[in-house]
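Trainee: Take this structure first; my questions come after.
The values are calculated or read from the model by the stated rules, or taken from the named source; none is laboratory data. The structure displayed is predicted, hence computed values, not measured ones. Ideal geometry is used to build each Cβ from the backbone, glycine not excepted, and the neighbour counts take in all protein chains shown.
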């Protein structure tokens, strides 16, 4: 009598494919990631502004510092939710050692997702609920098509919109209020 081979779970499949695979487990389903030129430009712009002010030492008076800022880390929230946010950050006072491993199992304090046409609904609905359930303190949604950034802050009842800035604005948003992000540059306008 032959026994059927057990099929790998989406999490097991992701782990088998390794760190270089551009995959996520969203609501229990293995999904590919999509990147456009607009997406990559916005991601690089946010990274440059935030990392320049905050990704250093332990911080201190007059300096941001005190954050680990990563590009597309693989973060496991649950066995059904393993994401590669465009950017993620951990406060060094809560996570003193650099988050490591595949996947990383420390919940970030901040996540930034840049919307792509094929994955926008995951970012706006499924991931938003999962990030809230995991108590990610700040969730930024960058929308290149609408040329705006939405800043969400965690609250017990759900994320609260703190700020929405469009292409003409300058963003100084929590938790990185010392960083100045010129949205025109973020969206390729200057």
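Trainee: Being under 16 Å from the mean Cα position of the chain (by Cα) and within 14 Å of residue 46 (Cβ to Cβ) is the filter; apply it to region 149-173 and report the residue that is modelled with the lowest pLDDT.
Mentor: Let us first name the residues in region 149-173 that are under 16 Å from the mean Cα position of the chain (by Cα), namely 149-154, 159, 173.
Restricting the remaining residues to those that are within 14 Å of residue 46 (Cβ to Cβ) gives 149-151, 173.
On the way: 149: 92, 150: 94, 151: 94, 173: 84.
Ranking the candidates gives 173 first.
Trainee: Which residue is modelled with the highest pLDDT, if the candidates are limited to region 10-25 and must be in contact with a strand residue (DSSP E or B) (Cβ under 7 Å, 6 or more places away or on another chain) and over 11 Å from residue 103 (Cα atoms)? First the steps, then the outcome.
Mentor: Of all residues in region 10-25, those in contact with a strand residue (DSSP E or B) (Cβ under 7 Å, 6 or more places away or on another chain) come to 10-11, 13-14, 17, 22-25.
Within this subset, residues satisfying the condition of being over 11 Å from residue 103 (Cα atoms) are 10, 13, 17, 22-23, 25.
Values: 10: 89, 13: 90, 17: 90, 22: 87, 23: 90, 25: 93.
Per the stated criteria, the residue is 25.
Trainee: A further question on this structure: Would you point out the residue of region 86-102, among those that are within 20 Å of residue 128 (Cβ to Cβ) and touching a helix residue (DSSP H, G or I) at 6+ places or on another chain (Cβ under 8 Å), that is surrounded by the fewest Cβ atoms within 10 Å (Cβ to Cβ)?
Mentor: The initial filter retains those residues of region 86-102 that are within 20 Å of residue 128 (Cβ to Cβ), namely 86-90.
Next, only the ones that are touching a helix residue (DSSP H, G or I) at 6+ places or on another chain (Cβ under 8 Å) stay: 86-87, 89.
Details: 86: 26, 87: 23, 89: 27.
Once the filter is applied, the top-ranked residue is 87.
Trainee: For region 1-30, how many residues meet the condition of being touching a helix residue (DSSP H, G or I) at 6+ places or on another chain (Cβ under 7 Å) and in a strand (DSSP E or B)?
Mentor: Matching residues across region 1-30 total 5.
Trainee: Would you point out which residue out of 142, 136, 111, 126 is closer than 23 Å to residue 76 by Cα, part of a loop (DSSP other than H, G, I, E, B) and either at pLDDT below 95 or in contact with a strand residue (DSSP E or B) (Cβ under 8 Å, 6 or more places away or on another chain) (or both)? Break it down stepwise before answering.
Mentor: Numbers: 142 fails: part of a loop (DSSP other than H, G, I, E, B); 111 fails: part of a loop (DSSP other than H, G, I, E, B); 126 fails: part of a loop (DSSP other than H, G, I, E, B).
Of 142, 136, 111, 126, the one residue that is closer than 23 Å to residue 76 by Cα, part of a loop (DSSP other than H, G, I, E, B) and either at pLDDT below 95 or in contact with a strand residue (DSSP E or B) (Cβ under 8 Å, 6 or more places away or on another chain) (or both) is 136.
Trainee: If you go through region 53-75, how many residues are under 17 Å from residue 149 (Cβ atoms) and either buried (at least 20 other Cβ atoms within 10 Å of the Cβ) or at pLDDT 70 or above (or both)?
Mentor: Initially, region 53-75 is screened for residues under 17 Å from residue 149 (Cβ atoms), giving 53-54, 69.
When the remaining residues are screened for being either buried (at least 20 other Cβ atoms within 10 Å of the Cβ) or at pLDDT 70 or above (or both), the result is 54, 69.
Looking only at that region, the number is 2.
Trainee: Out of region 145-190, which residues are surrounded by 15 or more Cβ atoms within 10 Å (Cβ to Cβ), in contact (Cβ under 8 Å) with a residue 60 or more places away in the chain, touching a strand residue (DSSP E or B) at 6+ places or on another chain (Cβ under 7 Å) and not in a strand (DSSP E or B)?
Mentor: 175, the sole residue that qualifies.
Trainee: Within region 33-49, which residues are in contact with a strand residue (DSSP E or B) (Cβ under 6 Å, 6 or more places away or on another chain) and not in a helix (DSSP H, G or I)?
Mentor: none
Trainee: Can you name the residue in region 28-39 that is modelled with pLDDT of 90 or more and surrounded by fewer than 18 Cβ atoms within 10 Å (Cβ to Cβ) and, of all such residues, is nearest to residue 116 (Cα to Cα)?
Mentor: Selected residue: 29.
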